[in-house]
Amino acid sequence: MRPLRSWVIPVGVVLVGVVTWAAVTWLQGSVPAVGDQVERAKVRIESIRTALTIGAAVTGAFALLLAFRRQQLAERTQQATEYDAGEKRVTELYVKAADQLGSDKAPVRLAGLYALERLAQDNPIHRQSIVEVICAYLRMPYTPPDDQPTPTPTTQPMDAPDPTATPTATPGDSDKPGVDPREERQVRLAAQRILARHLRPTTPEGGPHPLYWGPKVTLDLTEAVLIDLELTGCHLHNATFIKTRFSGDAWFSEATFSGDARFGGVTFSGVAGFGGVTFDGVAGFGEATFSGDAWFGEATFDGVAGFGEATFSGDAGFSGVTFSGDARFGEATFSGDAWFSEATFDGVAWFGEATFSGDAWFSGVTFSGVAWFDRATFSGDAWFSEATFDGVAGFGEATFSGDARFSEATFSGDAWFSEATFDGVAAFDRATFSGDARFSEATFSGDAEFDRARFSGTTSFDGATLDGVRYDGPGPVAE
C-alpha cells in the first residue's frame, strides 16, 4: 500500500466545505416565496440544517474511508508481523536442523533429517531448498562399510591394537572425524527414504498421496554414494545422478522422469531396475557402468536415449522398450546377453562399434529410422528374426562370430552388409529386401541361408566369400 499523499486531507476538507456551501446555496434558493415571513424563516433554517447534515455526511464518509485505510494498514502490519515471526521460526528450525546434520552422533543427524522433513511438509515454499540440503548431505564423501579396505598386516609393537578387532569410529571411516560408517549408513538410508516417501504421487491403492511434495522437485545427487536406493513409482523432475555410485541394487521401476535424467558416468554395483520407467526428456547414460543386470523392460524414452560407451557387465534387458527419439548405443559394451526383443525404435538406432559378448536378441524389433550397426561385434548369436527395418539397415564391417539370424526380417530400405564377417550360420531365409541389398566383400564362413528370400531392389554380392551357400530366390549370387 502506497503512503497517503500530503494533499489528500486538505483537499478532503475543501471538498467537504464546497459540498456544504453548495447544499446551503441550493436549498436556500429553493425556499418558496409564499407564506408569511415567519414561515419562510423557518424553511430557511431547516434548509441550512439539511445542508449542514449533508456536509456532516460527506465528512463522515471521508472519515470512514480514512478509518478503513487505517484498518487495512493495521491488518497488513499484523500479517507482516505474523509472517516475519513464522519465517524467523522456520529459519531457526532450518538452521538448527542443518547444525544437527553436522553432528558426529548418528541419532542427532537422524533427528536433523526428520526435523527437515517435518519443516518441508508444513512449509511447501521451502520444500525444494530442504530437498537440496538432503541431497547435499548425500553428496558428501562416504565409503560404505562393506567397501572398507582390509588392513595390511605389518610389524607392530607389542602394545599396538589388534588389527582384526571390530572397527570403531575413526577419522578415516567417512568424511567427518569420529563418524562410524555403519551408523552413517543408517543415516543415509533414512535420507533416501525421506526423499522417496515424498516423491511418490500416488498411494499403492492408486489414490493421491498426502505426503507428495509436487512434480517440480528436482534432485541433484552428483557424485553421491547411494545405498540400496528404492525410488519405485516416484516422480522425478530434472534428476541429476552424474558420476553417482549406486552401492547395492537401485530400483526406479515405474518411475517418471518429467525432465532430463542425467546418469552419465554412474556406477551400478548391483541390479539396475528401470522397468516401466517413463523418460519424458533426455535420458543420458553415457559411459555408465552396470556391474549387475540392467533391466529397462517396457520403459519409454520420449527424448534421446544416450547409452554411448556404456558398459553392461551383466544381462541388459530392453525388451518391449519404446524409443521415441534417437537411441545411441555407440561403442557400448554388452558382456552378458542383450535383450531388445519387441522393442520399437522410432528414431535413429545407433549401435556403431558396439560389442556384444553374449547373445544379442533383436527379434521382432521395429526400426522406423536408420538402424546403424557398422563395425559392431557379435561374439554370441545375433537374433534379428522377424525384425522390421523401415530405414537403412547398416551392418557394414560388422563381425558375427556366432550365428546371425535374420529369418523373416523385413528390410524396407537399403540393407548394407558390405565387408561384414559371418563366422557362423547367416540365416536370411524368408527375409524381404525392398531396397538394395549390399553384401559386397562380405565373408560367410558358415552356411549362408537365403531360402525363399525376396529381393526387390539391386542385390550385390561382389567380392563376397561364401564357403557354404543355400540360396533359393531371385537376384544374383556371388560366383
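Here, each number is a calculation from the coordinates, and none is a lab measurement. All figures in this text were calculated on a predicted structure; none of them were measured in a lab. Ideal geometry is used to build each Cβ from the backbone, glycine not excepted, and the neighbour counts take in all protein chains shown.
List every DSSP H helix in the chain whose Cα atoms extend 30 Å or more along the helix's own long axis and whose mean Kyte-Doolittle hydropathy is at least 0.0. Don't skip to the answer; put the middle values down first.
Values: long enough: 8-29 (31 Å, 1.81); 37-101 (95 Å, -0.20).
Correct list, ordered by number: 8-29.
Would you mind checking which residues have amide H under 5 Å from T459's amide H? H placed 1.01 Å from N; only 5 or more apart, or other chain.
Amide H neighbours of T459, under 5 Å, 5+ apart: A437.
For the chain, what does the helix formula give at 222 nm: sum of -39500 (n - 2.57) over DSSP H segments with n ≥ 4, over the residue count, nearest 500 deg cm²/dmol?
That comes out to -10000 deg cm²/dmol.
Quick one: Cα centre-to-centre distance for the range 261-304 and the range 322-364, in angstrom?
13
Mind giving me the FRET efficiency for W21 and L64? R0 is 30 Å, r the Cβ-Cβ distance, nearest 0.05 is fine. Walk me through the numbers before you get to the answer.
Working: r = 22 Å, r/R0 = 0.73.
Here the calculated transfer efficiency is 0.85.
Pick out, in residue order, every one of the chymotrypsin sites (Phe, Trp or Tyr not before Pro) in the range 391-452 that is DSSP loop and has at most 15 other C-beta atoms within 10 Å; say none if there are none.
Taking the range 391-452 and a limit of 15 other Cβ atoms within 10 Å, no loop chymotrypsin sites (Phe, Trp or Tyr not before Pro) are found.
Give the shape of the range 218-472 as rounded, prolate or oblate, defined through the alpha-carbon gyration tensor: a ≥ b ≥ c are the square roots of its eigenvalues, a/c under 1.5 means rounded, and otherwise the shape is prolate if a/b is larger than b/c and oblate if not.
Numbers: a/c = 2.65, a/b = 2.10, b/c = 1.26.
Verdict is prolate for the range 218-472.
In square nanometres, what is the average projected area of the Cα convex hull of the range 211-329? All intermediate terms of the calculation are to be shown ahead of the outcome.
Details: hull surface 24.3 nm².
Average of the hull's projected areas for the range 211-329 equals 6.1 nm².
With θ set to phi - 60°, apply the Karplus curve 6.51 cos²θ - 1.76 cosθ + 1.60 along the range 279-294 and write out the HN-Hα couplings as whole Hz, x wherever there is a Gly or Pro.
So the J values, rounded to whole Hz, are 10, 6, x, 6, 10, x, 10, x, 6, 6, 10, 9, 6, x, 6, 10.
Expressed in nm to one decimal, what extension gain is obtained for the pair K88 and S258 from 0.36 nm per residue of sequence separation less their Cα-Cα distance? Walk me through the numbers before you get to the answer.
Numbers: separation 170, 0.36 × 170 = 61.20 nm, distance 3.41 nm.
This chain segment gains 57.8 nm when fully extended.
Starting at the first residue of the range 316-325, write each ³J(HN,Hα) from the Karplus equation 6.51 cos²θ - 1.76 cosθ + 1.60 with θ = phi - 60°, in whole Hz, x for Gly and Pro.
Values, residue by residue: 10, x, 10, 5, x, 6, 10, 9, 6, x Hz.
Return E117, E342, E132 ranked ascending by Cβ neighbour count within 10 Å, so the fewest neighbours appear first. List each step's numbers first, then the result.
Values: E117 23, E342 19, E132 14.
Ordered by Cβ neighbours within 10 Å, fewest first: E132, E342, E117.
Restricting the calculation to Cα positions, tell me the Rg (one decimal) and the Dmax (whole number) of the chain in Å.
Gyration radius and largest Cα-Cα distance of the chain: 39.2, 142 Å.
For the chain, build the charge dipole from Cβ charges (+1 Lys, Arg; -1 Asp, Glu) around the Cα centre, then report which of W21, L65, T218 sits farthest towards its positive end.
With unit charges placed on the Cβ atoms, the residue in question is W21.
Could you give the length gained on full extension between N123 and D104, defined as 0.36 nm per residue of separation minus the Cα-Cα distance, in nm? Before the final figure, lay out each step's value.
Numbers: separation 19, 0.36 × 19 = 6.84 nm, distance 2.79 nm.
That works out to 4.0 nm of additional length.
Quick one: grab the alpha carbon gyration tensor of the range 325-373, order the square roots of its eigenvalues as a ≥ b ≥ c, and give me rounded if a/c is under 1.5, else prolate or oblate depending on whether a/b is larger than b/c.
Values: a/c = 2.54, a/b = 1.31, b/c = 1.95.
Since a/c reaches 1.5 but b/c is at least a/b, the shape of the range 325-373 is classed as oblate.
Using amide H atoms built in the peptide plane, which far-off residues or other-chain residues are under 5 Å from F312 H to H?
Hits under the 5 Å cutoff: F290, T333, F334, S335.
Is the range 353-476 rounded, prolate or oblate when judged by the Cα gyration tensor, a ≥ b ≥ c being the square roots of its eigenvalues, rounded requiring a/c under 1.5 and prolate requiring a/b larger than b/c? Before the final figure, lay out each step's value.
On the way: a/c = 1.36, a/b = 1.08, b/c = 1.26.
It is rounded, given that a/c, with a ≥ b ≥ c, falls under 1.5.
Per 0.36 nm of contour for each residue apart, how much would the distance between L52 and V8 grow if the chain were fully extended, relative to their Cα-Cα spacing?
On the way: separation 44, 0.36 × 44 = 15.84 nm, distance 2.20 nm.
My answer for the length gained is 13.6 nm.
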